[in-house]
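My questions all concern the structure below.
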Amino acid sequence: MSTLPGGGYGSKNGTSMACPHVAGAAALVLQAAADRNLSLRPPQVRELLAATGQRISRFYGTTTVPRLDLDAAVARVLAGNVPADTPAKLSLGKAIVSANAAPLPFAANEVVKVRL
């Protein structure tokens, strides 16, 4: 269910409807991690949500995707069973940028323009 322009509610589907649910699940996982004094990076949250999701078949059984299981994800975090933090690396020609090398010089909510 979603609110509709002009008032009322309606049923919708697709990524536009899934994104708020996944964002909320990620926020709750991050809060659970913070409560345990753990720090998770986005790739860890993604892996955790995918690993704890319930597998469902889509597209006539040709594809299997996980459905969010927030209870399982938060329980795993509270048990301290979180995915390992692997350094994310981005290759820019000869330069290698590592996300674990140093704190980034901008906040996560800032727009950063990169000129290549």
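The values are calculated or read from the model by the stated rules, or taken from the named source; none is laboratory data. Everything quoted here is computed from the prediction, not taken from an experiment. Cβ placement follows ideal geometry from the backbone for every residue including glycine, while neighbour counts extend to all protein chains displayed. Note: areas computed on protein heavy atoms with side chains; ligands, DNA, RNA excluded. Shrake-Rupley method; radii C 1.70, N 1.55, O 1.52, S 1.80 Å.
Report, in cubic angstrom per residue, the convex hull volume of the C-alpha atoms of region 16-65. List each step's numbers first, then the result.
Details: hull volume 4.1 nm³, N = 50.
Given the Cα convex hull of region 16-65, per-residue volume reads 83 Å³.
On to the next question. Label points 7 Å out from Cα along the Cβ direction at LEU4 and ALA27: separation in nm?
Computed distance between label sites LEU4 and ALA27 equals 2.6 nm.
Which value, in Å², gives the accessible area per residue of region 1-53 when a 1.4 Å probe is used on the protein heavy atoms?
Per residue, region 1-53 has an accessible area of 68 Å².
Ok, one more. Looking at region 1-74, which chymotrypsin sites (Phe, Trp or Tyr not before Pro) are in a loop (DSSP not H, G, I, E or B) and have at most 10 other Cβ atoms within 10 Å?
Answer by residue number: PHE59, TYR60.
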